[in-house]
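Enquirer: Please find one structure pasted underneath; my questions will follow.
The values are calculated or read from the model by the stated rules, or taken from the named source; none is laboratory data. Quick caveat: nothing in here was measured; it's all calculated off a predicted structure. Cβ sites come from the backbone with ideal geometry, for glycine too, and all protein chains shown count toward neighbours.
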Amino acid sequence: MSAVTRVYAGRLIGLQVRGPDLDPIGRVRDVVVTIRPQGQQSRALGVVVELVSRRRIFVPMGRIAAIEPGDITLASGSVSMRAFQVRAGELTLMGDLVGAKVHTDDPELPHLQGRAVEIADIELERVRTRDWVITKVAMFGARPKFGRAPSLFTAPWNHVHGLSSGGAGQSDELAERLAGFDRMRPADVANILHELSSDERHQLANELNDERLADILQEMPEDHQAELLETLDIERAADVLEEMDPDDAADILQELPGDKAEVLLELMDPEESAPVRRLMSFSPDTVGALMTPEPLILTPQTTVAEALALARNPDLPTSLASMVFVVRPPTATPTGHYLGCVHLQKLLREPPSTLVSGILDPDLPPLYADDDQETAARYFATYNLVCGPVLDEDNHLLGAVAVDDLLDHLLPEDWRSEGLRPRKETHRG
């Protein structure tokens, strides 16, 4: 049965939630949304799942692999077990939206204009970025007398007004700032946070969801990364680390006292902490410490069409999307025997049905985990690449190094705090 890409949120309530192994985890009890000002996309952030123990946890929409008429399947068995709490800027379908009074200026519903109507449900649609955005509102008109059922109408989301973008307990100033962050790149948000006091950084960090905070943390100076992580409660800090790229998580943990880092690693899901531990075992000035263990890794039987579909993943950094690596199983790092790589430009020039095994570049020299950073810089300059394979002595793929991660370590430690164009000192004679 094909997965759903458009659904009324109310239909999700009560659905069974299953892990990737299809074992039941719990049931959906609510849907969490964020409401943004006109002109910006309001979206679902995740679902509230009630476990067998009656504990309610939050599962981000990004962790959902498929929504089907009878159940929801997660992409990963790794979910935060922290008890769910609504954050400022968030609203819940059942607690805040259903029954809320709004008004509509939909030209298709002139008889409802100027009247208060009541929200019955909201329609969610999965867009190309994999976000679930609010597209329509189902609403009741005036309730008739004598207990008859009210009429149900639908209107496009942009024609429905009267809901606050602030959510529960949030100041207008904070809501405005968070809404502004939604439109910005993580690196630009990190620059703003750098200019704030530690108290303001802490306040804003508490209002951001784990995935967004992880993206922003990766762009902050290392001293601010560690400081901000230590202000979070220990369970949330581990959840944020799980959302980060393993190489960035390893960098932050190495800035923390050893005992604190070990506690966080223990709290992380073993599947998420294992690659981080492996990266932390390499000397900080080597390629092994810079690489990501999660590049695009394919088997020889993969077609060009399948490879391009994976490269289109919006969550994948552009540098890592520039090249795919082909190996014998297993494809998890460290992989089976490394066969070669294919550049994105080569994939774009080949017929979709072509197997990647037939268009490999088997002769591109690899990097090795114990190579130093200067060797990596010379490698990228020599071969005009932005991403390269990292192998061990037995020809197993360990990961890939991206040029942006290399530059991050070659630049001065405080380069992030100096901004894009640091002010240069001038000397007068």
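Enquirer: Just to confirm my filter: which helices (runs of 4 or more DSSP H) fall fully inside the stretch 201-301 and include at least 1 residues that are without any contact (Cβ under 8 Å) to a residue 40 or more places away in the chain?
Expert: Working: elements: 210-217, 222-231, 234-243, 246-253, 258-267, 270-280, 287-290.
Ranges flagged: 210-217, 222-231, 234-243, 246-253, 258-267, 270-280.
Enquirer: Could you list, in sequence order, all residues of the stretch 317-367 that are part of a strand (DSSP E or B) and either free of Cβ contacts under 8 Å to residues at least 40 places away in the same chain or more than 15 Å from THR292 (Cα to Cα) (or both)?
Expert: Looking only at the stretch 317-367, we keep the residues that are part of a strand (DSSP E or B), and these are 323-327, 337-343, 355, 361, 367.
Those that are part of a strand (DSSP E or B) and either free of Cβ contacts under 8 Å to residues at least 40 places away in the same chain or more than 15 Å from THR292 (Cα to Cα) (or both): VAL324, VAL326, VAL327, HIS337, TYR338, LEU339, GLY340, CYS341, VAL342, HIS343, LEU355, ASP361.
Enquirer: Within the stretch 388-411, track down each residue that is charged (D, E, K, R) and either in a helix (DSSP H, G or I) or surrounded by 14 or more Cβ atoms within 10 Å (Cβ to Cβ) (or both). Give the steps one after another, and end with the answer.
Expert: Kept after step one, since they are charged (D, E, K, R), are these residues of the stretch 388-411: 392-394, 404-405, 408.
Result: ASP392, ASP404, ASP405, ASP408.
Enquirer: Find the residue count for the stretch 209-232, including only residues that are more than 15 Å from ALA187 (Cβ to Cβ), within 16 Å of the chain's Cα centre (by Cα) and not polar (S, T, N, Q).
Expert: We begin by selecting, within the stretch 209-232, every residue more than 15 Å from ALA187 (Cβ to Cβ); these are 209-211, 223, 226-232.
If we keep only those that are within 16 Å of the chain's Cα centre (by Cα) too, we end up with 209-211.
Restricting the remaining residues to those that are not polar (S, T, N, Q) gives 210-211.
Residues that pass the stated criteria total 2.
Enquirer: Do you know which residues across the stretch 167-187 are at pLDDT below 75 and aliphatic (A, V, I, L, M)?
Expert: ALA168, LEU174, ALA175, LEU178, ALA179 - these are the residues of the stretch 167-187 that are at pLDDT below 75 and aliphatic (A, V, I, L, M).
Residues checked against (1) buried (at least 20 other Cβ atoms within 10 Å of the Cβ); (2) modelled with pLDDT under 85; (3) within 24 Å of LEU316 (Cβ to Cβ):
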site	(1), (2), (3)
HIS161	no, yes, no
SER165	no, yes, no
VAL189	yes, no, yes
LEU213	yes, no, yes
LEU253	yes, no, yes
ALA274	no, no, yes
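Enquirer: Looking at the stretch 178-233, which of its residues are basic (Lys, Arg) and more than 18 Å from ASP408 (Cβ to Cβ)? I'd like the intermediate steps shown before the answer.
Expert: Looking only at the stretch 178-233, we keep the residues that are basic (Lys, Arg), and these are 183, 185, 201, 212.
Within the stretch 178-233, ARG183, ARG201, ARG212 qualify.
Enquirer: Give me the residue from the stretch 68-104 that is of a type in the set (A, V, I, L, M, F, W, C) and not in a loop (DSSP other than H, G, I, E, B) and, out of that set, surrounded by the most Cβ atoms within 10 Å (Cβ to Cβ).
Expert: Initially, the stretch 68-104 is screened for residues of a type in the set (A, V, I, L, M, F, W, C), giving 72, 74-75, 79, 81, 83-84, 86, 88, 91, 93-94, 97-98, 100, 102.
The next check asks that each one be not in a loop (DSSP other than H, G, I, E, B); those that pass are 72, 74, 83, 91, 93-94, 97, 102.
Working: ILE72: 23, LEU74: 20, ALA83: 10, LEU91: 22, LEU93: 25, MET94: 14, LEU97: 23, VAL102: 16.
Selected residue: LEU93.
Enquirer: For residues in the stretch 27-45 being of a type outside the set (A, V, I, L, M) and modelled with pLDDT of 95 or more, which is nearest to ARG87 (Cα to Cα)? It would help to see each step written out before you state the result.
Expert: Taking the stretch 27-45 first, the residues of a type outside the set (A, V, I, L, M) are 27, 29-30, 34, 36-43.
From what is left, the residues that are modelled with pLDDT of 95 or more are 27, 29-30.
Values: ARG27: 21, ARG29: 17, ASP30: 14 Å.
Once the filter is applied, the top-ranked residue is ASP30.
Enquirer: If you scan the stretch 102-127, which residues turn out to be at pLDDT below 85 and not aliphatic (A, V, I, L, M)?
Expert: HIS103, GLN113, GLY114, ARG115
Enquirer: Please work out if VAL287 is at pLDDT 90 or above, in contact with a strand residue (DSSP E or B) (Cβ under 6 Å, 6 or more places away or on another chain) and under 30 Å from VAL324 (Cβ atoms).
Expert: yes
Enquirer: Quick one: count up the residues across the stretch 92-126 that are without any contact (Cβ under 8 Å) to a residue 60 or more places away in the chain and under 32 Å from the mean Cα position of the chain (by Cα).
Expert: Residues of the stretch 92-126 that are without any contact (Cβ under 8 Å) to a residue 60 or more places away in the chain, as a first pass: 99, 103-119.
With under 32 Å from the mean Cα position of the chain (by Cα) added as a condition, the list becomes 99, 119.
Of the residues in that region, 2 qualify.
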